[in-house]
Amino acid sequence: MSIKRYLLSIGLIGLLAPALWSLSLSAQRPVVDDEALKAANNRPGEWLTHGRTQDEQRFSPLEKISDLNVQQLRLAWTFDTGTDRVLEATPLVVDGVMYTTASWGIVFALDAKTGKQLWKWDPKVDPRYERFACCDVVNRGVAFYKGRVYAAAFDGRLTALDAKTGEVVWSVVTVDQTKAYTITAAPRVVKGRVIIGNGGAEYGIRGYISAYNAENGNLDWRFYTVPGDPAQPQEHPELEKAKATWSGDKWWIYGGGGTAWDSMAYDPALNLIYVGTGNGGPWNRFIRSPGGGDNLYLSSILALNPDTGRMAWYYQTTPGDSWDYNATQHIILADVRIRGTVRQVLMQAPKNGFFYMLDRKTGELISAEKYVEVTWATGVDMQTGRPKEKEGADYIRQPFLARPAPLGGHNWQPMSYSPKTGLVYIPTQDNAREYSQPENFEFVPNRINLAAGTGGIDHAGDSKAVYTGRLLAWDPIAQQVRWKVEYPAYWNGGTLATAGNLVFQGTAAGDFIAYRATDGARLWSAWTGTGVLAAPITYEIDGQQYVSVMAGWGGAFVPRYRSKGLLYTFALNGSEPAPVRPAQTTAVAPIEFQATAEQIASGGALFEAQCARCHNAGTTAPDLRRLAPVTYDALPNILQKGALAGRGMPPFRITDAEVAALRAFLLAERRKLR
């Protein structure tokens, strides 16, 4: 070989070496394809899909962080999302990179070891879409498949992003954007298809689930959850059966609802994807369907074939739902031993207050018991699978105080299941609402249409009603509570169970807590500075286990509440101590005021009815006893004119006398802090 040719070859090798090294690394990295998603337990250090595994158990086999050493958890890193709206996402961790979302559907890729931002993608949703946000402009995460990140934006777009760069590969609009459709859910990928639903039932829309080709974004199939105009052919045969359960001449004009806005799970052995559907639109069944009927497939669990979109079976948790009792809450699949026989089961704790266990192959009801206080039904008939609705609960003749309220005994915040303890860890809550038949109802497209009175999501005068939450460790076989933790406020975060005998959960008060999974002992906590709704995850890099959670409060409980959106990550060898709740001085300067005992008592009743559910010791909303003196003088502008509406404090229909009474009560309570 000549010297010239030798030098040329050396130069080519030098030029090619980085590319060859990159190709070598790519070859070593296991791809996230259908087989990888099915066998996610073979990659315990990662979090490959929304529930970690396709059965959505949210259980991690990692155990380096355990009940024996969790007290040593320290802060590894934090990431500021730059947003001040509620954060609800479950991050994914793939090959050392974390993918997560913020409000509107903004996507971040981070170095999972350091928190360094690798890229950011902003869908740039038109801010006018916020008018369709029943529960703020939230997003619950992304899907990952074959080197792409799949993200759904609030305005109904589904987008495939290059996982390395964040560049758009394809994007499709999944909804009619002239109507009040939104997307808040995390997509799932099943057999090369991206599965996504939508929200907006109260706004006059018709729900459906869609499957898009992951490679090119083409629509493969769509399953409508409620029938369309009965004078027209229905899109698929399941709707012919559903059509007979609706009545009247306007329900298809009202949209019907039934949106699939959150939960999904997949069983690859049975080749069934399970989807939860939502409430009717309007809520009141005697308005949307005057002759009654079950109104299929509202508030149901659907088992669909992911290849065709055809339905294998359904189970309706709340036939003819009139209370906003979605069945969109988290679905978990597990194999459990019942009376000596291993059963393939599906578990759900929907809003209506009953914990259901179904045979996931057939949809057969195995058990159903109350997991919170329920007043609208006495139980579930095991022969028919139908709830035993109490007389008057339909509120057609007179108002009815129902428990749970529309926020449900359990809402979207994910529960988790530990195969080691056999327990399901459920974020639950107490709430009640008075429902009533409206005297006049006028449907308004693209506006909220409830037709369920004006009682509001409150205790509606029930002296026994309380705004509390709790973490339940639920035995699904015995259908009873094994242990529980009480919280002073509801609207707390989702849960994570680990093989280290731990359960992690964040709270409305801003505490991120580790409990012993077997008995609920509180072992460790960190202060996040804002309420936590999102479910935590755990992962491992270079032999080090991490625990992460998104912190940013708000959503359906307090829409448009403003708080700094952060992502916290903890490890045993973290660089800083875990943040602790700042000490609060009990003494504040008193403010002189004149008021009668009757005024103070009246203000106290108003506080309990309208303010306590946000402004109590169990949340990170401001303590109204500790406001700056000028703020008390500004209460009329705040409460009546909405001066702080931009910061999440809405105006109320409140009289001058009520404002004065509330001020008197708060100043009287302020005195007690001295």
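Checking the condition among the acidic types (Asp, Glu), surrounded by fewer than 24 Cβ atoms within 10 Å (Cβ to Cβ), modelled with pLDDT of 95 or more and under 20 Å from residue 529 (Cβ atoms), which residue from 84, 67, 80 passes? Result: 80 is the single residue among 84, 67, 80 that is among the acidic types (Asp, Glu), surrounded by fewer than 24 Cβ atoms within 10 Å (Cβ to Cβ), modelled with pLDDT of 95 or more and under 20 Å from residue 529 (Cβ atoms).
Of 260, 303, all but one fail to be assigned to a strand (DSSP E or B), small (Gly, Ala, Ser) and modelled with pLDDT of 95 or more; the exception is 303. Of all the criteria given as (1) modelled with pLDDT of 80 or more; (2) among the basic types (Lys, Arg); (3) within 30 Å of the chain's Cα centre (by Cα), the one not satisfied by residue 663 is (3).
Evaluate the following for residue 408: is it within 20 Å of the chain's Cα centre (by Cα), surrounded by 15 or more Cβ atoms within 10 Å (Cβ to Cβ), modelled with pLDDT of 95 or more and not in a strand (DSSP E or B)? So residue 408 fits the description; yes. Could you please find all residues in the range 306-327 being farther than 26 Å from residue 392 by Cβ and either assigned to a loop (DSSP other than H, G, I, E, B) or of a type in the set (Gly, Ala, Ser) (or both)? The answer is 306, 307, 308, 309, 310, 312.
For every residue, the table says whether it meets (1) assigned to a loop (DSSP other than H, G, I, E, B); (2) on the phi < 0 side of the Ramachandran plot; (3) touching a helix residue (DSSP H, G or I) at 6+ places or on another chain (Cβ under 7 Å); (4) without any contact (Cβ under 8 Å) to a residue 24 or more places away in the chain.
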site: 529; (1), (2), (3), (4): yes, no, no, no
site: 548; (1), (2), (3), (4): no, yes, no, no
site: 579; (1), (2), (3), (4): yes, yes, no, no
site: 592; (1), (2), (3), (4): yes, yes, no, yes
site: 606; (1), (2), (3), (4): no, yes, yes, no
site: 615; (1), (2), (3), (4): yes, yes, no, yes
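The set of residues in the range 475-490 being under 29 Å from residue 621 (Cβ atoms) and either in contact with a Ser or Thr (Cβ under 9 Å, 6 or more places away or on another chain) or not in a strand (DSSP E or B) (or both) consists of 483, 484, 486, 487, 488, 489, 490. Taking residue 667 as the residue in question, decide whether it is among the aliphatic types (A, V, I, L, M), touching a His at 6+ places or on another chain (Cβ under 8 Å), in contact (Cβ under 8 Å) with a residue 24 or more places away in the chain and surrounded by 16 or more Cβ atoms within 10 Å (Cβ to Cβ). So residue 667 fails the test. Among what's in the range 585-610 and is polar (S, T, N, Q) and over 31 Å from the mean Cα position of the chain (by Cα), pick the residue that is surrounded by the fewest Cβ atoms within 10 Å (Cβ to Cβ). By that ranking, first place goes to 594. Among the conditions (1) of a type outside the set (Ser, Thr, Tyr); (2) crowded, with 17+ Cβ neighbours inside 10 Å; (3) out of contact with any helix residue (DSSP H, G or I) (no Cβ under 6 Å at 6 or more places or on another chain); (4) within 24 Å of residue 209 (Cα to Cα), the only one that residue 137 does not satisfy is (3). In the range 513-526, the residues that are surrounded by fewer than 19 Cβ atoms within 10 Å (Cβ to Cβ) reach residues that are hydroxyl-bearing (Ser, Thr, Tyr) with C-beta atoms within less than 6 angstrom, at least six apart or across chains, in these pairs: 518/421; 522/515. Determine whether residue 537 is touching a Leu at 6+ places or on another chain (Cβ under 9 Å), closer than 20 Å to residue 499 by Cβ and of a type in the set (A, V, I, L, M). Taking the combined requirement at face value, the residue satisfies it. Specify the residue that is surrounded by the most Cβ atoms within 10 Å (Cβ to Cβ); the eligible residues are those in the range 94-125 that are of a type outside the set (Phe, Trp, Tyr) and under 19 Å from the mean Cα position of the chain (by Cα). The qualifying residue surrounded by the most Cβ atoms within 10 Å (Cβ to Cβ) is 101.
List, please: which pairs have Cβ atoms under 6 Å, are six or more places apart or on different chains, and start with a residue in the range 151-171 that is farther than 20 Å from residue 33 by Cα and end with one that is aromatic (Phe, Trp, Tyr)? From residues that are farther than 20 Å from residue 33 by Cα, the pairs are 154/104; 154/129; 155/129; 156/181. Go through (1) in contact with a Leu (Cβ under 9 Å, 6 or more places away or on another chain); (2) assigned to a loop (DSSP other than H, G, I, E, B) for residue 519 and report which single condition fails. The failed condition is (1). Could you please give the count of residues in the range 491-516 that are of a type in the set (A, V, I, L, M, F, W, C) and outside any strand (DSSP E or B)? So the answer is 4. Taking (1) among the small types (Gly, Ala, Ser); (2) on the phi < 0 side of the Ramachandran plot; (3) buried (at least 17 other Cβ atoms within 10 Å of the Cβ) in turn, residue 258 satisfies each apart from (2).
Candidates in the range 317-326 are the residues that are on the phi < 0 side of the Ramachandran plot and either polar (S, T, N, Q) or touching a residue at least 60 places away in the same chain (Cβ under 8 Å) (or both); of these, the one that is surrounded by the most Cβ atoms within 10 Å (Cβ to Cβ) is 326.
The values are calculated or read from the model by the stated rules, or taken from the named source; none is laboratory data. Because the structure is a prediction, the values reported are computed rather than measured. A quick note on method: Cβ atoms are made from the backbone with ideal geometry, for glycine too, and the neighbour counts reach across all protein chains shown.
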